[in-house]
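The values are calculated or read from the model by the stated rules, or taken from the named source; none is laboratory data. Fair warning: this is a prediction, and the values are worked out from it, not measured in the lab. Backbone-built Cβ (ideal geometry, glycine too); neighbour counts: all protein chains shown.
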Amino acid sequence: MTRSIDPTKPGTPEQEWLDGRLDHLPRLEVPGAGDRLLVVAAHPDDESLGAGGLIAAAVARGADVRVIVATDGEASHPDSTTHTPAQLAITRRAEVTAALAELAPSVSPTFLGFPDSDLAAQLTALTTSLGAHLADCTHVVTPWSGDRHPDHEACARAVTAAISTDTDMRHWQYPIWTWHWGDPASSDLPLSRLRRVDLRADEVRAKRAALSCHRSQHAPLSDAPGDEAILPAQVLAYFERDFECFVVDTAPAAAEEYFNRLYEVSDDPWGLAERFYERRKRQLLLASLPRPRFRRAFEPGCATGVLTAELAQRCDQLIAWDGAPSAVQQARAGLAERGTVQVEQRRIPQDWPEGSFDLVVISEVGYYCIDLDELATRVHNSLALDGVVLACHWRRDAADHPHSAEAVHAALGAGLSRIARHEEADFLLEVWSGSDRSVAAEEGIVA
């Protein structure tokens with residue numbers, strides 16, 4: 001458990017989550033005969049907490065279920081004077097084996113043995129290791145990438161990176177610590193992407209029996225300081241429900257097909273050229289740019305090039321990308337006479353242009369990127385010393401948006417100085433730079 005999460009402090013009461021917020025979530029179909037389900041746990045007990053009911057339900061319905069545990073959980077009690085990490089590893093391996101015997105006697109865990117609390121540093125090796133187990137899987141379940149535990153997030157990122165773009169494999173992510181630190185009234189947990197699996201009475205009993213096997217986590221190791229329970233009753237309450245929740249992302253291949261279908265229906269699916277809302281938003285965006293001209297700019301997700309044409313008037317060179325062939329074709333046709341604009345069919349963040357930019361515009365595209373850390377890293381690494389990042393995103397719930405505008409902007413703005421922020425009920429617009437100098441300071445109006 002990351003030390004920034006303290007389960008001994010009061011978290012969000014379970015009743016606040018249950019007060020109608022989770023009742024009407026769309027239901028997921030449990031994998032059954034002919035399906036292969038891979039459940040990934042960062043630590044022994046994650047599988048029981050987040051997906052124990054799903055494991056029991058899937059096995060009962062004839063699915064082939066596999067469970068992989070990335071670490072042995074040896075760092076759960078770093079201040080213990082009675083148990084060494086090696087002893088904790090042995091204990092926790094035995095606990096997860098016993099827990100799976102309660103959930104699905106035919107399933108035995110596979111242990112990868114990566115160091116506990118250090119999965120982020122092992123991301124490449126973890127991706128390779130998990131990728132080797134994904135063959136023929138129809139469903140893969142991991143901790144949620146937004147759970148604020150570095151090991152949980154690393155597992156989600158590794159699987160996202162390992163999933164082939166030509167597969168329709170379903171990737172579901174289970175929150176664990178989010179229930180503790182999250183605010184049901186905020187966008188901490190994206191309700192528009194949340195789905196539930198309802199559990200039968202026998203599956204609830206099996207899950208609770210499995211949770212009881214993880215005694216080293218919900219009971220003190222001893223009376224000595226440092227041996228306190230990691231999962232007190234207030235935390236366990238989140239996992240005693242008769243349903244489980246999963247954040248469901250759109251797989252890359254499915255996302256590409258989604259955009260292709262949009263352009264089959266309309267040449268301008270969002271009304272970028274005709275709607276006053278879109279024209280006004282573009283004017284606000286352009287007015288928010290902190291200087292009159294830029295040397296080299298990048299606009300991913302350019303759609304049909306309506307904004308691109310206006311950005312081009314203020315850029316010596318502009319690279320514009322989109323993943324939809326129809327959009328790229330329209331953008332190229334509309335910008336054919338502008339030799340300073342290069343339009344390509346590419347997808348971010350896995351693809352990224354070479355060189356540096358003094359302007360990166362992420363407009364209505366960031367929330368489609370599953371891995372926001374990778375997106376932010378790409379943006380920041382390509383930013384010139386005097387570079388500017390502008391982001392603008394729809395704020396209302398949208399079933400096809402894996403992330404909220406606030407989450408995208410939090411990732412993009414990390415470590416940069418904010419120059420401007422414009423917030424409305426419909427959209428959020430922010431501008432950041434590596435410099436904290438204002439527009440007036442740049443022009444010498446103020447010191």
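Quick notes on this structure:
- Put simply, of A303, A312, A297 the only residue that is in contact (Cβ under 8 Å) with a residue 12 or more places away in the chain, aliphatic (A, V, I, L, M), in contact with a Ser or Thr (Cβ under 8 Å, 6 or more places away or on another chain) and not assigned by TED's automatic domain parsing to the domain that holds V204 is A312.
A quick yes/no check of all residues on (1) closer than 26 Å to Q317 by Cβ; (2) surrounded by 21 or more Cβ atoms within 10 Å (Cβ to Cβ); (3) among the aliphatic types (A, V, I, L, M):
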| position | (1), (2), (3) |
| --- | --- |
| L359 | yes, yes, yes |
| S363 | yes, yes, no |
| D386 | yes, no, no |
| A414 | no, no, yes |
| E443 | yes, no, no |
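- The residue list A161, A156 contains one member that is small (G, A, S), in contact (Cβ under 8 Å) with a residue 60 or more places away in the chain and either more than 17 Å from A63 (Cβ to Cβ) or not in a loop (DSSP other than H, G, I, E, B) (or both), which is A161.
- Scope the stretch 174-227; condition out of contact with any Phe, Trp or Tyr (no Cβ under 7 Å at 6 or more places or on another chain), among the hydrophobic types (A, V, I, L, M, F, W, C) and not in a helix (DSSP H, G or I); matching residues: I176, W177, A185, L189, L194, A219, L221, A224
- For the residues A331, A309, the requirement of being more than 23 Å from L375 (Cβ to Cβ), of a type outside the set (D, E), surrounded by 17 or more Cβ atoms within 10 Å (Cβ to Cβ) and more than 28 Å from the chain's Cα centre (by Cα) singles out A309.
- Cross-chain or 6+ apart pairs with Cβ under 8 Å, the stretch 183-196 first and of a type in the set (S, T, N, Q), then modelled with pLDDT of 80 or more: S187/S404; S187/E406; S187/A407
- Output for the stretch 243-264, where each listed residue is of a type outside the set (D, E) and either more than 23 Å from R346 (Cβ to Cβ) or at pLDDT 90 or above (or both): F243, C245, F246, V247, V248
- A count restricted to the stretch 282-299 and to residues that are assigned to a loop (DSSP other than H, G, I, E, B) and surrounded by 14 or more Cβ atoms within 10 Å (Cβ to Cβ) stands at 3.
- Residues that are surrounded by fewer than 21 Cβ atoms within 10 Å (Cβ to Cβ) and at pLDDT below 95 number at least 2 in the following helices (runs of 4 or more DSSP H) confined to the stretch 46-143: 123-131.
- Residue count for the stretch 102-149 satisfying the condition of being closer than 22 Å to E244 by Cα and within 21 Å of the chain's Cα centre (by Cα): 13.
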